[in-house]
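In what follows, a single structure is set out as structure tokens and then discussed.
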Amino acid sequence: MTGLRNRLPRSGANSFRSADLLDVLIDFLGLKNDAALGRELRVSAPILSKIRHGALPVSAAILIRMHEVSGLSIHELRACMGDHRANFGMFDEGERK
């Protein structure tokens, strides 16, 4: 994939690479920058900036919008940011470890 910056992987189980996801979408959709991606996703530039810099997580609503615009599956989008968990979401009290 082109356009990805050289970044060291983050440590920690919940440290996803949101910037990589944005870079993949920009390349996949043939866009020039975050502003163009924001227009496609109908997301404001400050929100995308916060996502890119890790100040805001990728919400379910934004992930769904990314799926609608790109046609990539939710699984593929999650993998782009390093999320390879088999399950995700809320756990019942009996399921917590």
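The values are calculated or read from the model by the stated rules, or taken from the named source; none is laboratory data. As the structure is a computational prediction, the values presented were derived from the model and not from experiment. Cβ atoms come from the backbone with ideal geometry, glycine included; neighbour counts cover every protein chain shown. Calculation scope for accessible area: heavy atoms of the full protein, side chains included, ligands and nucleic acids excluded. Shrake-Rupley method; radii C 1.70, N 1.55, O 1.52, S 1.80 Å.
Scanning segment 36-49 for residues being surrounded by 15 or more Cβ atoms within 10 Å (Cβ to Cβ), out of contact with any Gly (no Cβ under 6 Å at 6 or more places or on another chain) and under 15 Å from V24 (Cβ atoms) gives a total of 3.
Scanning segment 57-72 for residues that are modelled with pLDDT of 95 or more and in a loop (DSSP other than H, G, I, E, B) yields G71, L72.
Could you identify the single residue in R78, R52 that is open to solvent by less than 20 Å² (accessible area, probe 1.4 Å), under 12 Å from the mean Cα position of the chain (by Cα) and basic (K, R)? Step by step, each of R78, R52 is checked, and only R78 is open to solvent by less than 20 Å² (accessible area, probe 1.4 Å), under 12 Å from the mean Cα position of the chain (by Cα) and basic (K, R). Applying a threshold of 8 Å to beta carbon distances and a minimum spacing of six or more residues, or different chains, the list of pairs starting in segment 77-94 at a residue that is under 19 Å from V24 (Cβ atoms) and part of a helix (DSSP H, G or I) and ending at one that is of a type in the set (D, E) and at pLDDT 80 or above reads C80/D20. Taking segment 13-53 only, how many residues are of a type outside the set (F, W, Y) and part of a helix (DSSP H, G or I)? Number satisfying all stated conditions: 27.
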